[in-house]
Amino acid sequence: MAAHETHSNMAAEHDLVVPLHYFDNNTMFTSITMHAIMVYDEILDPERLRATLSQLVERETWQKLGARLRKGKHGHDLHVPRKFSSSRPAIAYRHVSLDMLKAEHHAASLIPSSKSAPKERPALVGNPEDWTELCCGADAPKTSADYVGSDRPVTGLRVVSFKDATIVNIHWLHIAADAMALKAILDNWVLVLEGRAAEIPSQYGFDEDPLRELGLHTTEPFDLAGLELSKWGTAAYALRNGYSIALAKKESRTVCIPALFMEKLRKTARQELNDQGRREQFLTDNDIITAWFSRLAFSHLPPEKPVTIMQAMSMRRALEQDLLPPGRPFVSNCLTFTSVLKTKNEVDMSLGLLAGDIRQGVNKHGTREQIEAYNGMVRANAWPLGPMPVFFGQSNMHHIGYSNWKKAQVNLVDLSTACVTKRNSPLYPSFVTQIQGGIAYPDGFIITGEDAQGNYWLEGYRPGGLWSHVEKLLERDIAS
């Protein structure tokens, strides 16, 4: 559906109204605010950061990032100001200036960094709850209700300045972007900072939904069709897990996987596959980390417990065959999912075999035909929460989910051109964290990426008490 005009009660001019894309408009995305937080060990110019990000959002086709959320006839709509102004800015903005060193601030002193990362063995290195208020603000928006009832843009920037460091937080309601959309935002923000705005491409699908027919033209069944939770199975799962999903206390931790240990994991996984005659099977670091950490996450379960490992995957490359043009950013949610169904006992058998099965699932479920089939199932199950992910497994399973942000390369965002003191070398974050506002998935993990030293970082939300099992195993220095 193309954009049309309406009058906003909160603005003197007519807004451009863009209906939410079909796959953006679900209960999960309207219930979560994302915070991508980068810590820099330099003093950055906050006004330069604000002005350049605003300049990006004010550009033609990028201005949807400055939209205001409103309730429409068919869910939510995005109201884009025809002209941004001081009273209706392109982005929400807050600057906090603290007249002290970062190490002198209690919460900031608890933030880990690539400099303080463990060298040989993985460890729990922090609790994001300790620095959430500092990085996000006590009044940070959490769900769509915090946007609909205000004139707040869906995208915001918070900058916290110390005498020797700067915390940069880009935040947005999940309806606006996924991790690869964030990459497009960050890459093009850097172009503005570097005086290269002329190189910024226009967004694709600004005022209409290029995925509006995705899932309507299936040519084959989804690989796991028949293993999805039925409505009764979903009800049973919800009864067993509803409290932990909606009400129970979640605990969040940050895990650092040092480069040296990561190399050990690669060798172990590769050798185990070779021993099983699977010498030619390709593995990514994501496959290995997901397999390794899943074994830790399931460590408290009995051997025969059914388990499901679910991963989010970007659909952009596969959809370039027909729905998305190569080379143009699609700043929206463009996700599909892959799941591996096991028992806890099967997970424990071999790191390499589990990593190989995870890779096979990614390859199989990431084809254009399987993406179409999966989204057909999403559409068929869309009532009443909207096009939510489909869960596979048994109603008594333990389900964990992953999102890998490595390709977003947040750890490599060079903000050297925003330094107060001129520098001639790149400036990368010393730490990246992702904080989720609103509903926290009860057992969900984000691989936030690989830093410049080759260390990997992972963060997750777990029901209370489960991190202690992981910590005990890490303290035993288990490498497989």
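Candidates are the residues of segment 259-299 that are of a type in the set (Lys, Arg) and modelled with pLDDT of 95 or more; the one that is nearest to Gly352 (Cα to Cα) is Arg270.
Any idea which of Leu157, Leu182 is part of a strand (DSSP E or B) and in the same structural domain as Ser97 (by TED's automatic domain parsing)?
Leu157
Once segment 262-292 is narrowed to residues that are of a type outside the set (Gly, Ala, Ser), part of a loop (DSSP other than H, G, I, E, B) and farther than 13 Å from Val362 by Cβ, the residue that is farthest from the chain's Cα centre (by Cα) is Gln276. The set of residues in segment 97-124 that are over 25 Å from Leu44 (Cβ atoms) and surrounded by fewer than 21 Cβ atoms within 10 Å (Cβ to Cβ) comprises Pro118, Lys119, Glu120, Arg121, Ala123, Leu124.
For Gly233, the conditions (1) in contact with a Ser or Thr (Cβ under 6 Å, 6 or more places away or on another chain); (2) at pLDDT below 95; (3) closer than 30 Å to Ala177 by Cα; (4) surrounded by fewer than 19 Cβ atoms within 10 Å (Cβ to Cβ) are fulfilled apart from (3). Between Lys73, Lys102, Lys115, the distinction of being basic (Lys, Arg), in the same structural domain as Val160 (by TED's automatic domain parsing), out of contact with any Leu (no Cβ under 9 Å at 6 or more places or on another chain) and farther than 25 Å from Val432 by Cβ belongs to Lys73 only.
Of Arg317, Arg328, all but one fail to be within 26 Å of Leu211 (Cβ to Cβ) and part of a loop (DSSP other than H, G, I, E, B); the exception is Arg328.
Being among the aromatic types (Phe, Trp, Tyr) and closer than 24 Å to Thr27 by Cβ is the filter; apply it to segment 138-191 and report the residue that is nearest to the chain's Cα centre (by Cα).
Here the residue is Trp172.
Would a scan of segment 33-46 turn up a residue that is in a helix (DSSP H, G or I) and touching a residue at least 40 places away in the same chain (Cβ under 8 Å)? Scanning segment 33-46 turns up at least one residue that is in a helix (DSSP H, G or I) and touching a residue at least 40 places away in the same chain (Cβ under 8 Å). Restricting attention to segment 251-261, the residues being surrounded by fewer than 19 Cβ atoms within 10 Å (Cβ to Cβ) and over 22 Å from the mean Cα position of the chain (by Cα) number 2.
Among the residues of segment 347-369, not a single one is touching a His at 6+ places or on another chain (Cβ under 9 Å) and among the aliphatic types (A, V, I, L, M).
Need a quick list: strands (runs of 3 or more DSSP E) entirely within segment 411-480 having at least 3 residues that are within 23 Å of Ala36 (Cα to Cα) and touching a Leu at 6+ places or on another chain (Cβ under 9 Å).
It comes to 444-450.
Quick check: anything in segment 392-406 in a helix (DSSP H, G or I) and either in contact with a strand residue (DSSP E or B) (Cβ under 7 Å, 6 or more places away or on another chain) or surrounded by fewer than 19 Cβ atoms within 10 Å (Cβ to Cβ) (or both)? For segment 392-406, residues in a helix (DSSP H, G or I) and either in contact with a strand residue (DSSP E or B) (Cβ under 7 Å, 6 or more places away or on another chain) or surrounded by fewer than 19 Cβ atoms within 10 Å (Cβ to Cβ) (or both): present. Please verify whether segment 125-143 includes one or more residues that are surrounded by 16 or more Cβ atoms within 10 Å (Cβ to Cβ), without any contact (Cβ under 8 Å) to a residue 40 or more places away in the chain and over 23 Å from Val190 (Cβ atoms). Looking for residues that are surrounded by 16 or more Cβ atoms within 10 Å (Cβ to Cβ), without any contact (Cβ under 8 Å) to a residue 40 or more places away in the chain and over 23 Å from Val190 (Cβ atoms), one finds at least one in segment 125-143, hence yes. Scanning segment 152-171 turns up no residue that is free of Cβ contacts under 8 Å to residues at least 40 places away in the same chain, surrounded by fewer than 22 Cβ atoms within 10 Å (Cβ to Cβ) and over 22 Å from Lys250 (Cα atoms). Screening Glu213, Glu208, Glu220, Glu199 for residues that are at pLDDT 95 or above and more than 29 Å from Ser339 (Cα to Cα) leaves exactly one candidate, Glu199.
Checking each residue in segment 341-387 for being surrounded by fewer than 16 Cβ atoms within 10 Å (Cβ to Cβ), outside any helix (DSSP H, G or I) and among the aliphatic types (A, V, I, L, M) picks out only Leu385. From the list Asn381, Asn424, the one residue that fits, being closer than 27 Å to Ser31 by Cβ and assigned by TED's automatic domain parsing to the domain that holds Phe293, is Asn381.
The values are calculated or read from the model by the stated rules, or taken from the named source; none is laboratory data. Quantities reported herein were computed from a predicted structural model and do not represent experimental measurements. Heads up, the Cβs are rebuilt from the backbone with ideal geometry, glycines too, and the neighbour counts pull from every protein chain shown.
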